[in-house]
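Just below is one structure, and these are the notes that go with it.
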Amino acid sequence: MSNLSFVSPTRNSPWGTYLSQIDAVEPYLGRLSRWVETLRRPKRALIVDIPIELDNGTVAHFEGYRVQHSLTRGPGKGGVRYHPDVTLEEVMALSGWMTIKNAAVNLPYGGAKGGIRVEPKMLSQKELEKLTRRYTSEIGLIIGPNQDIPAPDVNTNGKIMAWMMDTYSMNVGATSTGVVTGKPIELGGSLGRVAATGRGVFVVGREAMRRLGIEMEGARVAVQGFGNVGSIAAKMFASSGASIVAVQDHTGSIANTQGFDMAALLAHVAEHGGVKGFQGGDVIANEEFWDQPSDVLIPAALEGQIDEQRARRIQTRLVLEGANGPTTPDGEAVLADRGIVVVPDVIANAGGVTVSYFEWVQDFSSFFWTEDEINLRLDKILVGAFKHIWETGEQHRVPLRTAAFTVACTRVLQAREERGLYP
């Protein structure tokens, strides 16, 4: 799969999945295919040790990563996740997908990603702050507003971005608001950023449904993952006339063929931290979630969720990838055979990085836009990007993922060709 010595990917592992997607797009790159190997190798991968003193006086060590996959089109851009299963291979794949995502919507960024192997729920707030600040100091060598700009991801949020921004600022001796995005509004954050990824899933989903002839009014939507992305996308689909008929999160799975009362469900999740215990639907086994009939299925949890077995059971017309890499190559092949359209993550969830770009621009100019302005600009960029990807797919008669990778890889490799090789 790869001749890199530091990872051992399999066909359906994160980096293996990414590599297979690059393989699929190579025939459509023309003369630029001579540069394609640059996409199979991350530019820089940093592994750091993060020692902190815990509240009980003992010293604990955590493993952290920051991978910059490509800096050809601009500074690195990508989130930081805190999760016990984070690995170098996963962070590499996520950074590669960020390269593609940024180029697919034509943002002036390369791709990067970070992570720490930790279960954040096991740490106190003070320990979490120590972990974040030490990690930021360790990766401070390679991040910066013109080098690489982290953002929130799984189990990270505005507070963690504030600690990162403050730590970096202390180390460089000047307040640097543009070093991270997804910050609190008071520290140079952007209006609309928190809802941006979920809003983007809805906007792209609406465009795909229109082209596939799926009526929004009464459409059945199933959502896996009910955090920031899944819950906001579900709320927007419901407010546009769709019915949310199945939801799964880390606490359990529920279904209601008539559609959930979204206000009640969102209030329950806000109070209890998950869907478990919600009275407005039937409790179902987690694996049964994949059998629920729907018109639109939104996997918005973690990567590798739709494998070959689940892909055979799914009853939907459209898979809208809210998470990064939720469909394995084997799963995608089954969906294609069954005629189920997949809108890939690199366009479906690009709303977050698009508004992160707006935040970065606002920080540089110290001039901030209204939320309406931000949402209008976001809609315009995503609608235009999706239209281009859809037309590319029709032109080459390829799935939307290959079309999105064709658009993105062409942009990255054209920039690579123009820049040439140094020295």
Item checked: Highest-fluctuation residue, G218, G351, G325 considered, GNM on the chain with Cα pairs under 10 Å -> G218
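Once the piece of chain linking R40 and D282 is laid out straight, how much longer is it, given 0.36 nm per residue of separation minus the C-alpha distance between them?
Here the segment from R40 to D282 would lengthen by 82.6 nm.
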Next item on the list: Within the set of other residues whose C-beta is less than 14 Å from the C-beta of E308, count the net charge using Lys and Arg as +1 and Asp and Glu as -1.
Entry: +1
Next item on the list: Would you calculate a helix-derived [θ] at 222 nm for the chain, using -39,500 (n - 2.57) for each DSSP H run of n ≥ 4 and dividing by the full residue count, to the nearest 500?
Entry: -14000 deg cm²/dmol
Notebook entry, point to check: So which lysines can K113 reach, going by Cα to Cα under 22 Å and dropping same-chain residues fewer than 8 places off?
Noted result: K43, K77, K101, K121, K130, K159, K183
Margin query: Just to be sure I understand the model, the point goes 7 Å from the Cα along the line to the Cβ. What's the resulting R397 to E63 distance in nm?
Written below: 4.6
Note to self: With the crude spin-label approximation of a point 7 Å out along Cα→Cβ, what separation in nm comes out for V361 versus Q125?
What the structure shows: 3.5
Next item on the list: Could you run the Karplus curve 6.51 cos²θ - 1.76 cosθ + 1.60 with θ = phi - 60° over the stretch 98-109 and give me ³J(HN,Hα) per residue in whole Hz, x for Gly and Pro?
Entry: 5, 4, 5, 4, 4, 6, 5, 9, 6, 8, x, 10
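Set the Förster distance to 41 Å, then compute FRET efficiency between D307 and A264 from the Cβ-Cβ distance, nearest 0.05.
0.80
Loop-only check: which trypsin sites (Lys or Arg not before Pro) in the stretch 316-423 are DSSP coil with at most 12 other Cβ within 10 angstrom? Don't jump to the answer; show the numbers that get you there.
Details: sites: R317, R338, R377, K380, K387, R397, R401, R411, R416, R419; in loops: R317, R338, R397.
Qualifying residues, ordered by number: R338, R397.
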Item checked: Amide hydrogen neighbours beyond the local backbone of D153, cut-off 5 Å, H modeled -> V80
Check: In square angstrom, what is the accessible area per residue of the stretch 29-100 with a 1.4 angstrom probe?
Finding: 37
Next item on the list: Would you mind computing, in nm to one decimal, how far apart the modelled labels at R338 and A174 are, each placed 7 Å from Cα along Cα→Cβ?
Entry: 5.5
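So for I149, I185, what's the accessible-area order with a 1.4 Å probe, most first?
Details: I149 0, I185 90 Å².
I get I185, I149, largest accessible area first.
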Next item on the list: Report the relative contact order of the chain, percent, no decimals, based on alpha-carbon pairs under 8 angstrom and at least 6 residues apart.
Entry: 17
Next item on the list: Starting from the Cα gyration tensor of the chain, take the square roots of the eigenvalues, sort them a ≥ b ≥ c, and report rounded, prolate or oblate (rounded when a/c is under 1.5, otherwise prolate if a/b is larger than b/c, else oblate).
Entry: rounded
Notebook entry, point to check: So, counting K/R as plus one and D/E as minus one, what does the shell of residues with Cβ under 14 Å around G273 add up to?
Noted result: 0
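Set the Förster distance to 41 Å, then compute FRET efficiency between Y422 and E373 from the Cβ-Cβ distance, nearest 0.05.
0.60
The values are calculated or read from the model by the stated rules, or taken from the named source; none is laboratory data. Bear in mind that the values here come from a model prediction, so they are computed numbers and not experimental data. Positions of Cβ are generated from backbone atoms using ideal geometry, with glycine treated the same way; all protein chains shown enter the neighbour counts. Side chains included, ligands, DNA and RNA excluded: accessible areas come from the protein's heavy atoms. Shrake-Rupley method; radii C 1.70, N 1.55, O 1.52, S 1.80 Å.
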